[in-house]
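S.K.: I am attaching a structure below and will ask some questions about it afterwards.
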Amino acid sequence: MPSLPIVYINLAKDTERQARMASQMLQMGLAATRLPAVWWADLPAEIQERHHSAPLTQSQYFKPLGNGEKGCYSSHMAAWRQLLASDAPAMVVFEDDVRLLPTLPQALQAIEQLPPERWDLIKLFGRAQEKVASRRPLPSTVLELITYRRVPSFAAGYVVSRSGAQKMLDSRVPFGRPVDVDMRFWFENGLRVFGVHPSVIALDDTSEVSSIWQQREGPLQFSQRLRKLRMKWQLTWGNARAKPPQAADIC
């Protein structure tokens, strides 16, 4: 079994999610620790100001971030800090609305053998059809290690190395976008993002309803639509200009 530390982010009130995650880990023989999720409204004002920048959101994203999005980002930051405070070379981070697939343990064992100085983040979840830039077999598995022409969304499950945690904390505090969107802008901070394909986790049914903020649907304002188009253009242009890492680089 893999020896990398494994955490899952969970709010104290979400006892059913906690029990489900603990049960899945036990069934797979994985030793995991619950990482208390951040409830944004409970943070002191000075910490909120240190973590999040409204002007950055105005320039980087198309609408204001909700408290749940801010709390989610702060929860992931807590995981990165926990990794850097330890001696571990990397950490596995899950949100609590995922379903673990049978191929997960072998994927984690294989990732543990990869040189951590050559990668920053390895996503465990992605779409069925990804825009792949490069690929190579993930040793001792039926899986592939891939890089992306366009990094997908979702921060539901990933492995982060010490260098990846340091890059995110150095460049994203304060943050202006949701955490999964910031990971897509890898070219801004040189984040070396890889993925496991096919995915070794899936989104659980509970992922359709957020436990940390109310879903805010409805049409965007005209100015927000323009800002969203600008963000998409920045993402497309950044991906076109930057050279993504190659799967062979990790050997």
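S.K.: In a GNM of the chain with a 10 Å cut-off on Cα contacts, which of V98, V173, V159 has the highest mean-square fluctuation?
M.R.: V173
S.K.: Which is the longest part of the chain that has none of the chymotrypsin sites (Phe, Trp or Tyr not before Pro) sitting in a DSSP loop with at most 16 other Cβ atoms within 10 Å? Let's see the in-between values first.
M.R.: On the way: sites that count: W39, W213.
In the chain, the maximal stretch lacking such sites is 40-212.
S.K.: Whose amide H sits under 5 Å from the amide H of N10, counting only residues 5 or more places off or on another chain, with H placed in the peptide plane?
M.R.: L35, A37
S.K.: Sticking with this one: Report the extension gain between S223 and R136 in nm, rounded to one decimal, defined as 0.36 nm multiplied by the number of residues separating them, less their alpha carbon distance. Numbers along the way, then the final one.
M.R.: Working: separation 87, 0.36 × 87 = 31.32 nm, distance 4.26 nm.
Answer, rounded to one decimal: 27.1 nm.
S.K.: Using a Förster distance of 35 Å, how high is the FRET efficiency between S3 and T236, based on the Cβ-Cβ distance and rounded to 0.05? Before the final figure, lay out each step's value.
M.R.: Details: r = 40 Å, r/R0 = 1.13.
According to the calculation, E is roughly 0.35.
S.K.: I'd like to know which of A155, V142, V181 lies farthest towards the positive end of the charge dipole of segment 123-251, counting +1 on Cβ of Lys and Arg and -1 on Cβ of Asp and Glu.
M.R.: V181
S.K.: Averaging sequence separations of C-alpha pairs under 8 Å and six or more residues apart, then dividing by the length of the chain, give the relative contact order as a whole percent. Please list the in-between numbers first.
M.R.: Values: 436 pairs, mean separation 66.2, N = 251.
Result for the chain is 26 percent.
S.K.: Let me ask something else about it. DSSP loop (so not H, G, I, E, B), at most 16 other Cβ within 10 Å: list which trypsin sites (Lys or Arg not before Pro) in segment 140-173 pass both filters.
M.R.: Details: sites: R149, R150, R162, K167, R172; in loops: R149, R150, R172.
Hits after loop and neighbour filter: R149, R150.
S.K.: If you don't mind, there's one more thing I want to ask. Can you give the percent of C-alpha pairs in the chain whose distance is more than 26 Å? List each step's numbers first, then the result.
M.R.: Working: 11982 of 31375 pairs.
Result: 38 percent of Cα pairs exceed 26 Å.
S.K.: Also, quick follow-up: Using only DSSP helix segments of four residues or longer, with each worth -39500 (n - 2.57), what per-residue ellipticity at 222 nm results for the chain after dividing by its residue count and rounding to 500?
M.R.: Numbers: 8 runs with 91 residues, N = 251.
-11000 deg cm²/dmol, from helical runs alone.
S.K.: So the label point goes 7 Å from the Cα of E49 along Cα→C-beta, right? Which residues of segment 152-175 then have their backbone N under 18 Å from it?
M.R.: Only 173-175 pass the distance filter.
Just so you know, all these numbers are worked out from the coordinates, no wet-lab data involved. A quick note: this is a predicted structure, and the numbers were derived from the prediction, not measured. For neighbour counting, all protein chains shown are included, and Cβ atoms are generated from backbone atoms with ideal geometry for every residue, glycine included.
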